[in-house]
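Okay, so here's the structure we're looking at.
The values are calculated or read from the model by the stated rules, or taken from the named source; none is laboratory data. Treat the numbers as computed from the prediction; the structure is a model and nothing was measured. All Cβ positions, glycine included, derive from the backbone under ideal geometry; neighbour counts span all protein chains shown. Heads up: the accessible areas ignore ligands, DNA and RNA and are worked out on the full protein's heavy atoms, side chains in. Shrake-Rupley method; radii C 1.70, N 1.55, O 1.52, S 1.80 Å.
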Amino acid sequence: LPVLPPGLRERVLAASLRARDAGRPVPDAPLISPVEAFSRAASAFYAVLCFLDDDGWHTPVLRGLDVQGLVGHLIGVEEDVHRSLSGDPAVADAEHVESTQATALDQAARRPAQTRADWRRAVDRTLDLVRPADARPRVAVHGLRMPVGALLVVRAFELWTHENDIRQAVGWAPSVPDPSTLRLMTDLAARMLPHA
């Protein structure tokens, strides 16, 4: 391995701290609520769905699912989130893929426009349920027990991940979350590292 010049690490760290304080992103990303982050991720995902033609909906994406099946999976996830936000304890230990598989497969018989509309309704219902989120500060869904805000950031991350799964499957360039949503995602991921 090449030998680094003496003091290089210290000079790099000092220059980094002069450029910005630790814990402050550069460029600064305005802080948004987890509800806003989820809403933004949902809007970006929905935009991708709106640009797909009928053939695109039948492109294989993940776990043997085409785009339509993957959107069906996400409808199932939102339904589990609804159950959790409504206080249903049974959804706490539901398995993420298994609990949504029937919904994913059910979408195959529908027109893509119906699936897209079903997914948008499910997301809008989630937003309706979480806007007064202080009424239920912690939830449990798919083996995760966390504050509602953290769940929404996890959901934003899942939507962004599956948006890029779809983009890759149909040959589109990947997307990057907006800086404020990305800030919430990375902050949550960093806080979860000691528990992983």
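For the reader, a short list of remarks on this structure follows.
- Every residue from region 37-68 that is touching a strand residue (DSSP E or B) at 6+ places or on another chain (Cβ under 8 Å) and in a strand (DSSP E or B): Pro60, Asp66
- Members of region 62-98 that are among the charged types (D, E, K, R), surrounded by 16 or more Cβ atoms within 10 Å (Cβ to Cβ) and within 17 Å of His162 (Cβ to Cβ): Asp66, Glu78, Glu79, Asp80
- Residue match in region 50-59 (condition: under 30 Å from Ala190 (Cβ atoms), in contact (Cβ under 8 Å) with a residue 40 or more places away in the chain and open to solvent by 10 Å² or more (accessible area, probe 1.4 Å)): no
- Annotation for region 108-129: no member residue is touching a Ser or Thr at 6+ places or on another chain (Cβ under 7 Å), surrounded by 18 or more Cβ atoms within 10 Å (Cβ to Cβ), touching a residue at least 40 places away in the same chain (Cβ under 8 Å) and farther than 22 Å from Gly171 by Cα.
- Considering residues of region 12-36 that are more than 16 Å from Asp124 (Cβ to Cβ) and modelled with pLDDT of 90 or more only, the residue most open to solvent (accessible area, probe 1.4 Å): Ser33
- Identity of the residue in region 1-11, open to solvent by 100 Å² or more (accessible area, probe 1.4 Å) and part of a loop (DSSP other than H, G, I, E, B), that ends up modelled with the highest pLDDT: Pro6
- Every condition in (1) at pLDDT below 95; (2) within 20 Å of His96 (Cα to Cα); (3) open to solvent by 60 Å² or more (accessible area, probe 1.4 Å) holds for Val141 except the one numbered (3).
- Candidates Val48, Val77: the one that is modelled with pLDDT of 95 or more and closer than 18 Å to Phe157 by Cα is Val48.
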